[in-house]
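To start, I am sharing the structure in question, which I have written as structure tokens.
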Amino acid sequence: MARKTSKSAQKLSADELRWTCDPQLFARIREQNADHASSIGQSRALTALRLGLDIDAPGYNVFVCGPSGTGKMSSVRSMISEGVKLRRPLIDCLYVQNTTDPDRPVLLTMPAGQGRKFKKEIELFAQKATELVRSTLESTTVDNKRNEFISGADVLEKDLLKELAEECDRKHFSLTQVQVEEMSHLDILPMFRRKPVEMEEFCERIENGQIRNRSIKDVRETHAQLKERLHQVLVKLRAESRSVQDNVHELESNAVQEALKDPIAALNAQFPHEGVSEWLEQISGWISEHLDLIDDEDAQQGEEAQRSTLKTLLRVNVLLDNSRSSSAPVIFENSPTFTNLFGTVERPSDEMRPTVDFADIKAGSLLRAHGGYLIINANDAAAESGVWRTLTRVLKARELEIQSPEQFFNPGSGSALKPRPIKVDVKVIAVGDDELYRALYNGSDDFHRVFKVKVDFDDVMPLDDDNVAIYARHAWHVQKEEDLLPITDQALASLCEYGVRLAQRQDWLSTRFSELTDVLREANHYAKTENSPQTDRKHVEKALTEKRSRHSLTEERLRHLINAGLVTLKTEGSDIGTANGLTVVDLGDHAFGQPCRISATTAPGHDGVLSVEREVSLSGRIHDKGTMLLTAYLRAHYLPKEPLALSATIAFEQLHDEVDGDSASLAQAIALLSNLAQIPISQSIAMTGALDQHGHVQAVGGLNEKIEGFFYICQARELTGKQGIILPDDNRLDLVLDEAVIEAVRKGQFHLWTVRHIDEAIEILTGETAGQRQKDGNFPKGTFNAAVEARLRELSQISGPHPAR
């Protein structure tokens, strides 16, 4: 029986199945003699990128998003290489010792190039200051004045001790230097036979009668008075000694400060920058308070001494050195880790300096980009916890506080060093994907405030002569840059046709130029292998064929299972309640079509339409939605004024992976209606389409892979001329099929039909008239829909009213 075709259904011709590029177009493009354009068909994105680079205002950082391979990073590099303005005068950033609070080092900023000079001058100053301190302390003026203070104290000591000694002598006591082990001190002792003796011995002699006319009581009282007198003298001498020390220290300090005035004034004159004068004054004060350390610097030992030397004190950590820069810094941070971006405080490896100090502060790329541009891979930055949160905070506050990761992630741990924050002005360009952009935008209130410019790269562009010219110029540019073989116009035409296939639509071209470039390289390889002087169409096609072959192992194994009969799939004959559906398996690097058998059963009951996949949690939400829309279609299209009751199940036979999407809902509906009507449907025809509540067939994705998947199984089993695919009419322009499919359609061995409504598909699959509801409310007798409605009425009557819940 000849199969009927619905009046609305369209059988497609071979010419409608693929866009073909005219090779003559490239001769006209060559005549234009245009250079390789930096534009890659992304005018919207490039306009936004230029806006982000040009606006110099807080928050106008740039987030470049879109699919990989669309030229995001290369576009950023290209636009930046065209020239970017210096956003702020270049500066140097330095940390120096804070003598009053070593854990809060002093931050100095100065114009570019001054940091290195400042460090060199401070090193020279440290050497000169040491020599100057020594020479000042050894000068005749200071030495004479120092001796005056010392000699005055000596005279006072001599007079006081002489007076006390005379008093002791009058009272028969002696002021004596007493040796106790290695120590000696002055003491008052009684005299016996012109020699001082201990008090206890003297008292014993009184008791023994050796000494007369002296009472023990009187001796002890006199001794106590003289001891008190000695104490008063010693207190006075100690006070005088402290006074002498203070006077000497003040003398030396004033002399050193006076000596340092000229060198420090010279430094202030040479570096008249904020904070320098205050720091030098602090250093001058420290020197004057630690003259003993400086004067004996070479002999010092121990950690504290080492840390206190003038050479150590006057170290300069040039954190940001722009001495060799004159243009805006452009930093491409290839590894945007926490440390690489924000800097860190390193633990010293020097055993002589076991503690962390300001010299261990290291800059990151964010600081090095101050006044310019920092480009990072946003997804790489998101791989390390805390990076994005810190980056957002820094850009919002416009200041950077350098910490070690330990300090950031575990506050209170690590070093107590807390460097002063540094003001930073950087334009950050983050290159990532759409998913990360949405996650950051929705996950932080501050993200959109600091990344105000979104640059959205598309993976497709309109198919027109201008964009074909972009393809050609890109190919010629790659050929020139990588010294490839000449590319023929036929090869360029094949490359453009592949670009349409990547875009999955006849009026689009793909912008995945990285993938197109790989095809050019591989085609060049095959051309060289054949000793061809140029790359032709056959080499491009071979590159594409070999690429697919490298990734198609899983596809071939699944196809083998079907052809071997291990997975049931009919491509001939007719069956009731069974339809050939089409699915797509996407492995990431390769996507292919996998036909599958969809079956349906019906019985009386009130369970409605059940999806086996949904019941066993092997379906996604979109698939479940498609099943529910199928149920809604049954209620709306059949028995609209009567209760509808049935128990039906629909299953994807021998498909054990999770199913999602609604593109199989047309096949599910056809299988279910076939079971209800008990009318067989053709197994030579597979179908794809998303059904709505009114029976309209809507567009689906992965169309080319689905068609080719079923076609190659039919081809392996031998094409009969009856096989084909039913697809949504809205998908016409999505057809970019393999040449083998097109040739089979051209010879009448394979067919493609487009439909807008399920009734059109029913008529193609059954050869029966679907039937439209008449004025009397019934479908015409003998039609497919009449049989379905009759069976549904019968099932509803058998099922009876819905049991009370």
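Which of PHE513, HIS560, GLY499 sits farthest toward the positive end of the charge dipole of region 499-561, with +1 on the Cβ of Lys and Arg and -1 on the Cβ of Asp and Glu?
Towards the positive end, the residue furthest out is HIS560.
Taking only C-alpha pairs under 8 Å that are 6+ residues apart, what is the relative contact order of the chain in percent?
For the chain, the relative contact order is 16 percent.
Can I ask one more? Could you tell me what percent of the accessible area of region 741-805 is made up of carbon and sulfur, with a 1.4 Å probe and every protein chain present?
Carbon with sulfur: 49 percent of the solvent-accessible area.
Cross-link candidates for LYS162: which aspartates and glutamates have Cα within less than 15 Å, leaving aside residues fewer than 8 places away along the same chain?
ASP154, ASP187
Now a separate question. Which value, in debye to the nearest 20, describes the size of the charge dipole of region 586-634 about its Cα centre when Lys and Arg Cβ atoms bear +1, Asp and Glu Cβ atoms bear -1, and nothing else is charged?
About 140 debye.
Which angle between 0 and 90 degrees, to the nearest 10, do you get for helix 465-481 versus the longest principal axis of the chain when only C-alpha atoms count?
That works out to roughly 50 degrees.
Still on this structure, I have one more. Given LYS11/LYS641; LYS11/LYS781; LYS480/LYS706; LYS427/LYS480, which pairs have Cα atoms separated by over 32 Å? List each step's numbers first, then the result.
Working: LYS11/LYS641 36 Å; LYS11/LYS781 28 Å; LYS480/LYS706 38 Å; LYS427/LYS480 34 Å.
Pairs exceeding the cut-off: LYS11/LYS641; LYS480/LYS706; LYS427/LYS480.
Oh, and also: Over all pairs of distinct alpha carbons, what does the Kirkwood formula give as the hydrodynamic radius of region 514-631, in Å?
After inverting the mean inverse Cα-Cα distance, the result is 18.3 Å.
Moving to a separate point now. Measure out, as a whole number of angstrom, how far apart the alpha-carbon centroids of region 728-804 and region 354-404 sit.
Each part's Cα centre sits 62 Å from the other's.
With Cβ to Cβ distances under 15 Å as the rule, what net charge do the other residues near GLN797 carry (K, R +1; D, E -1)? If you can, show how the numbers build up before the last one.
Values: positive: LYS641, ARG791, ARG793; negative: GLU642, GLU789, GLU794.
Residues near GLN797 contribute 0 overall.
Shifting gears a bit: For region 470-556, what does the alpha-carbon gyration tensor say about shape, rounded, prolate or oblate, given a ≥ b ≥ c as the root eigenvalues, a/c under 1.5 as rounded, and a/b over b/c as prolate?
Oblate, since a/c reaches 1.5 and b/c is not below a/b.
Quick one, can you get me the convex hull of the C-alpha atoms of region 327-464 expressed as volume per residue in Å³?
141
Mind checking the full-extension length gain between ASN778 and THR176? Use 0.36 nm per residue of separation minus the Cα-Cα distance, one decimal, nm. Please list the in-between numbers first.
Details: separation 602, 0.36 × 602 = 216.72 nm, distance 14.07 nm.
So the chain would gain 202.6 nm between ASN778 and THR176.
Divide the volume of the convex hull of the Cα atoms of region 364-404 by its number of residues and quote the answer in cubic angstrom per residue.
Residue-normalised Cα hull volume stands at 77 Å³.
Can you tally the net charge around THR649? Count Lys and Arg as +1, Asp and Glu as -1, for every other residue whose Cβ sits under 10 Å from the Cβ of THR649. List each step's numbers first, then the result.
Values: positive: none; negative: ASP607, GLU615.
Summing Lys/Arg as +1 and Asp/Glu as -1 gives -2.
Further, regarding this structure: Taking the Cα-to-Cβ direction at SER74 and at GLN32 and moving 7 Å from each Cα, how far apart do the two end points lie in nm?
Taking the simple label geometry, SER74 and GLN32 are separated by 1.8 nm.
Which residue, chosen from VAL106, VAL96, PRO67, occupies the Cα position most advanced towards the positive end of the dipole of region 62-119, where the dipole is computed from +1 (Lys, Arg) and -1 (Asp, Glu) charges on Cβ about the Cα centre?
Value: PRO67.
Please compute one quarter of the surface area of the Cα convex hull for region 550-596 and express it in square nanometres.
Result: a mean projected hull area of 3.7 nm².
Okay, moving on. Could you pull out the pairs from LYS145/LYS227; LYS570/LYS625; LYS528/LYS747 whose alpha carbons sit more than 30 Å apart here?
Pairs exceeding the cut-off: LYS145/LYS227; LYS528/LYS747.
Sticking with this one: For the full complex of protein chains and a 1.4 angstrom probe, list VAL450, VAL584 by accessible area with the highest value first. Walk me through the numbers on the way to the answer.
On the way: VAL450 5, VAL584 60 Å².
Largest accessible area first, the list is VAL584, VAL450.
Based on the Cβ-Cβ distance of GLU204 and GLN232, what FRET efficiency does E = 1/(1 + (r/R0)^6) give at R0 = 35 Å, to the nearest 0.05?
My answer for the efficiency is 0.75.
Oh, and also: With charges only on Cβ, +1 for K and R and -1 for D and E, what is the dipole size of the chain about its Cα centre, in debye, rounded to 20? Could you put the intermediate results ahead of the total?
Values: 96 positive and 122 negative charges, 474 e Å.
Magnitude of the dipole: close to 2280 debye.
How high is the FRET efficiency between SER335 and HIS290 when r is their beta carbon distance and R₀ equals 51 Å, given to the nearest 0.05? Present the calculation step by step, with values, prior to reporting the outcome.
On the way: r = 44 Å, r/R0 = 0.86.
Taking R0 as 51 Å, the efficiency between SER335 and HIS290 is 0.70.
Also, quick follow-up: Full extension from GLU148 to GLN270: what is 0.36 nm times the residue separation minus their Cα-Cα distance, to one decimal in nm? Kindly include the intermediate steps, with their values, before the conclusion.
Working: separation 122, 0.36 × 122 = 43.92 nm, distance 3.96 nm.
Gain in length upon complete extension: 40.0 nm.
Please list the non-local residues whose amide H lies under 5 Å from the amide H of SER323, H modeled 1.01 Å from N, same-chain partners needing a gap of 5 or more.
Those lying under 5 Å, H to H, from SER323 are GLY113.
Return a whole-number percent for the relative contact order of region 564-715, with Cα pairs under 8 Å and 6 or more residues apart as the contact set.
Once normalised by length, the contact order is 37 percent.
Quick one: angle between helix 665-677 and the longest Cα principal axis of the chain, in degrees between 0 and 90, rounded to 10, please.
Helix 665-677 sits at roughly 40 degrees to that axis.
In terms of modelled amide H atoms, which long-range or inter-chain residues lie less than 5 Å from the amide H of ILE487?
THR535
Okay, moving on. So with the 1.4 Å probe, I'd like the accessible area per residue for the chain, rounded to whole Å².
Per-residue value: 50 Å².
While we're on this one: Rounded to the nearest 500, what is the 222 nm mean residue ellipticity of the chain from helices alone, with -39500 (n - 2.57) per DSSP H run of 4+ residues and division by all residues?
Estimated from H runs of four or more residues: -15000 deg cm²/dmol.
Alpha carbon centre of region 66-86 versus region 185-226: separation in Å?
For region 66-86 versus region 185-226, the Cα centre distance is 103 Å.
Once you keep just the Cα pairs under 8 angstrom separated by 6 or more residues, what percentage relative contact order results for region 517-626? Intermediate values should be presented prior to the final figure.
Values: 78 pairs, mean separation 16.8, N = 110.
Over region 517-626, the number comes to 15 percent.
Rounded to the nearest 5, what is the percent of antiparallel bridges among the DSSP beta bridges in the chain? Mind dumping the intermediate values first?
Values: 51 of 83 bridges.
That works out to approximately 60 percent antiparallel.
On a C-alpha basis, how far is the centre of region 534-561 from the centre of region 634-661 in Å? Whole number, if you could?
One Cα centre to the other: 38 Å.
What residues have an amide H closer than 5 Å to that of LEU691, excluding those fewer than 5 places away on the same chain, when H is modeled at 1.01 Å from N in the peptide plane?
Distant-sequence amide H within range of LEU691: SER665, LEU666, GLN698.
Lys/Arg Cβ at +1, Asp/Glu Cβ at -1, dipole of the chain taken about the Cα centre: which of LEU666, GLY83, VAL197 is farthest positive-ward?
LEU666
Further question: What FRET efficiency do you get for ASP730 and GLN797 if R0 is 35 Å and r is their Cβ-Cβ distance, rounded to the nearest 0.05? If you can, show how the numbers build up before the last one.
Numbers: r = 39 Å, r/R0 = 1.11.
With R0 = 35 Å, the Cβ-Cβ based efficiency is 0.35.
Mind pulling the angle between the C-alpha long axis of helix 553-563 and the longest principal axis of the chain? Nearest 10 degrees, somewhere in 0 to 90.
Orientation of helix 553-563: about 30 degrees from the principal axis.
Rounded to the nearest 20 Debye, what is the dipole magnitude of region 495-582 about its Cα centre when Lys and Arg each give +1 and Asp and Glu each give -1 at the C-beta?
180
Oh, and also: Show MET628, MET191 ordered by accessible area, largest first, where the area counts protein heavy atoms only and the probe is 1.4 Å.
Reading off the accessible areas and sorting them downward yields MET628, MET191.
Excluding residues fewer than 8 places away in the same chain, name every one of the lysines whose C-alpha is closer than 26 Å to that of LYS311.
Counting by Cα, and skipping residues close in sequence, LYS311 has these lysines nearby: LYS117, LYS119, LYS120, LYS128, LYS261, LYS362, LYS418.
The values are calculated or read from the model by the stated rules, or taken from the named source; none is laboratory data. Predicted model, so just to flag it, every value in this text is computed and none were measured. Every residue, glycine as well, gets a Cβ built from its backbone with ideal geometry; the counts of neighbours run over all protein chains shown. Accessible surface areas use protein heavy atoms only, side chains included; no ligands, DNA or RNA. Shrake-Rupley method; radii C 1.70, N 1.55, O 1.52, S 1.80 Å.
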